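K.L.:
Here it is, the structure, as structure tokens.
Every number here is computed from the coordinates shown, using simple stated rules; none is lab data. No experiment lies behind these values; they were computed from the predicted model shown.
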Amino acid sequence: MVAKTGGVREMTEEIWRYREEVHRLARQLCRHREDAEDVAQATLLKAAQHLKEFRGEASLRTWLHRIATNECRMLRRRPTPLSLEQLLETAATDDAPPLGLPEEAPDPEEIVIEAERRRLVLQALQRLPERYQTALLLKDGEGMKEREIAAAMGLSVSAVKALLHRARLALRKELQRHGLVTS
């Protein structure tokens with residue numbers, strides 16, 4: 001694949017173009033900012049180191065998502081105690097991307113309600129099995145198509161569709177349990 005695209009340098013530059021997307025995905029997959037930074041860095045490094053192994057059967061984007069997903073899984077398997085600083089930072093920050101400035105000043109109460117709602121949804125999402133989290137984040141968070149998710153997760157397209165359906169049902173059940181959605 002490297003030869004088809006013009007060489008290692010061009011492919012390395014192409015990988016670099018995806019760095020923000022890789023960082024965003026890592027922030028969504030990982031529970032802590034430091035872990036997300038580590039996963040994103042490891043993803044980009046591994047992609048560059050293993051560039052000659054990229055066969056081009058999937059898109060470069062899908063390949064990078066697969067590496068990031070695997071890096072996050074490996075990180076989760078390692079038992080690491082949380083420091084007080086990590087706990088406080090996780091509770092105090094909101095990693096959601098800015099949505100732009102509104103035309104008029106928002107109601108402070110609405111801001112607090114929306115922040116709490118987002119926190120509860122993220123908590124509900126984190127209580128789901130890892131495969132459900134990954135599928136939902138790739139589909140809804142990254143806007144990937146089912147075939148891209150299938151390639152990233154090593155599944156068939158029909159398995160991804162079923163997985164997304166089950167993940168959404170499980171998330172809805174979690175949200176209903178906490179009164180965030182009605183049946």
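K.L.:
When the chain is fully extended, how far beyond the present Cα-Cα distance does residue 113 get from residue 46, taking 0.36 nm per residue of separation?
P.N.:
Gain in length upon complete extension: 20.1 nm.
K.L.:
Quick one: divide the alpha-carbon radius of gyration of the range 111-183 by 2.2 N^0.38 Å and tell me what you get.
P.N.:
1.17
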